[in-house]
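The values are calculated or read from the model by the stated rules, or taken from the named source; none is laboratory data. Note that the structure is a prediction, hence the values are computed from the model and not measured. For neighbour counting, all protein chains shown are included, and Cβ atoms are generated from backbone atoms with ideal geometry for every residue, glycine included.
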Amino acid sequence: MSEKDEKSSSLDIFQLLEETTEKEKKKQREELLAPLGIEEFFVDGSISINKRTCQGVECKLCIEACPTNALFWRAGEVGIMPELCIYCVACVLSCIVDDCMKIVRERSTSEVESFSDPRDVVILQHRINARKRLERIQAIFPKPENYLKRYKV
């Protein structure tokens, strides 16, 4: 076996191990979230806290806002259990410090969203609501002529 073949076979083994751990993590996540009755909307995501700017001692608002208890108080700081996080951005909305909490999540459409400021969440909600309003209007009036005809403008 040549050196090149050995490298490619070892890469395959590591890739298989990585895939196995990914599957195990997903299974563990499903088992943890099942009793809570929470439906997952995102394919993947991550959560992080900037410990330098976090003022958890004074507020703990993110812990109170978390619907799955993924955030908890630990030895003078906010701790994270990433297996429980559903990337709902409730912590980002409740945080009193901008760019302290950071959520990155991926939708099933492969669209990646990143939030670290409550304004980011509000902008996303506005975009989603505007799209839904447009879809409702287009369902009622597929063409502008239908609108003009109905309201005699």
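Taking the range 54-66 as the range and being of a type outside the set (A, V, I, L, M, F, W, C) and modelled with pLDDT of 90 or more as the test, only GLU64 passes.
Filtering the range 58-95 to residues that are more than 17 Å from ILE38 (Cβ to Cβ), part of a loop (DSSP other than H, G, I, E, B) and either within 13 Å of the chain's Cα centre (by Cα) or not charged (D, E, K, R) (or both) leaves CYS59, ALA75, GLY76, CYS95. Scoring LEU134 on the criteria (1) out of contact with any helix residue (DSSP H, G or I) (no Cβ under 8 Å at 6 or more places or on another chain); (2) part of a loop (DSSP other than H, G, I, E, B) leaves a single failure, condition (2). Cβ-Cβ distances below 7 Å connect the following pairs, each with a first residue in the range 102-130 that is within 14 Å of ILE86 (Cα to Cα), a second residue that is hydroxyl-bearing (Ser, Thr, Tyr), and a separation of six or more residues or different chains: LYS102/SER48; LYS102/SER116; ILE103/TYR87; VAL104/SER46; VAL104/SER114; ARG105/TYR87. Contact map, the range 50-65: first residue surrounded by 15 or more Cβ atoms within 10 Å (Cβ to Cβ), second residue part of a loop (DSSP other than H, G, I, E, B), Cβ cut-off under 7 Å, separation 6 or more or different chains; pairs are CYS54/VAL97; CYS54/CYS100; CYS59/ILE96; LEU61/CYS95; LEU61/ILE96; CYS62/CYS95.
Here GLY79 passes the criteria (1) among the small types (Gly, Ala, Ser); (2) out of contact with any Phe, Trp or Tyr (no Cβ under 9 Å at 6 or more places or on another chain); (3) closer than 28 Å to GLN28 by Cα; (4) at pLDDT 90 or above except the one numbered (2). For the structure I just gave you, tell me whether ALA90 is surrounded by 11 or more Cβ atoms within 10 Å (Cβ to Cβ), under 23 Å from THR109 (Cβ atoms) and small (Gly, Ala, Ser). Judged against the criteria, ALA90 is a match. Against the list (1) among the aliphatic types (A, V, I, L, M); (2) in a strand (DSSP E or B); (3) over 23 Å from GLU39 (Cα atoms), the condition ILE103 fails is (3).
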